[in-house]
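Heads up, the thing below is written out as structure tokens.
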Amino acid sequence: MQFYIYEFSKYIPDIKLEHDGSYKRFNLERYWNSDNFHAHFIMLDDELIGFSLVQSATQASPNSVEEFFIMSNHSGQDYGKDVAKKLFGMYPGEWRITQIENNRPAYAFWNGLVNEVTNGRPSLKGQPVH
């Protein structure tokens with residue numbers, strides 16, 4: 001999580017190191033205590049290479065990628081794409097995926113993936129992403 005926050009500090013100038021040299025931690029309690037919040041570790045063999053935090057659909061909202069991270073030394077090798085497709089299968093239905101506007105790599109990744117899995121029709125209402 002510290003590496004993820006560090007990467008985000010490029011896009012959010014207010015993210016600063018705390019006095020102990022670490023970044024302020026995310027409150028992850030809901031991912032352990034709520035039925036519709038899910039934390040997933042992304043493993044490559046025995047190596048932890050990332051994580052995803054997902055909110056599964058409720059009657060009021062679609063599935064949502066809350067946070068998604070692949071370590072930079074493993075990015076660009078389709079691990080993120082493979083994991084995201086697995087998440088779409090684990091939580092079927094509509095999805096909401098957002099990024100920070102100036103995070104161009106994330107925008108390109110998600111835009112390309114959504115176009116791929118929806119055959120170029122990501123804006124169709126009611127079209128689930130899987």
Antiparallel %, DSSP beta bridges [both residues in region 16-130], to 5:
85 percent
Tell me the angle of helix 79-90 to the major Cα principal axis of the chain, expressed in degrees between 0 and 90 and rounded to the nearest ten.
50 degrees
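Rounded, prolate or oblate: which fits region 26-117, taking a ≥ b ≥ c as square roots of the Cα gyration tensor eigenvalues, rounded meaning a/c under 1.5, else prolate when a/b beats b/c? Let's see the in-between values first.
Details: a/c = 1.57, a/b = 1.19, b/c = 1.32.
Note, shape of region 26-117 comes out oblate.
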Just to be sure I understand: with springs between alpha-carbon atoms less than 10 Å apart, which residue in 52, 72, 64 has the highest mean-square fluctuation in the Gaussian network model of the chain?
72
Along the chain, longest interval not containing exposed trypsin sites (Lys or Arg not before Pro), exposed being DSSP loop plus at most 15 other Cβ atoms within 10 Å:
26-124
Mean-square fluctuation check for the chain, GNM, Cα pairs under 10 Å: which of 50, 93, 120 is largest?
120
What does the helix-only formula give at 222 nm for the chain: each DSSP H stretch with n ≥ 4 adding -39500 (n - 2.57), the total divided by the residues, and the result rounded to the nearest 500 deg cm²/dmol?
-8500 deg cm²/dmol
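Size of the dipole of the chain about the Cα centre, Lys and Arg at +1 and Asp and Glu at -1 on the beta carbon, nothing else charged, in debye to 20? Could you put the intermediate results ahead of the total?
Numbers: 12 positive and 16 negative charges, 100 e Å.
About 480 debye.
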Only Cα pairs under 8 Å and at least 6 apart count here; give the relative contact order of the chain as a rounded whole percent.
16 percent
Which of 43, 3, 106, positive extreme of dipole for the chain (C-beta unit charges)
106
Reachable aspartates and glutamates, given that their alpha-carbon falls under 19 Å from the alpha-carbon of residue 85 and they are not under 8 places away in the same chain
45, 66, 67, 94, 116
With a Förster distance of 22 angstrom and the Cβ-Cβ distance between residue 48 and residue 16, calculated FRET efficiency to the nearest 0.05 equals 0.30
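Readers should treat all values here as calculations from the given coordinates under stated rules, not as data from a laboratory. Keep in mind it's a predicted model, so treat the numbers as computed, not measured. Here Cβ is always computed from backbone atoms with ideal geometry, including for glycine, and neighbour counts include all displayed protein chains.
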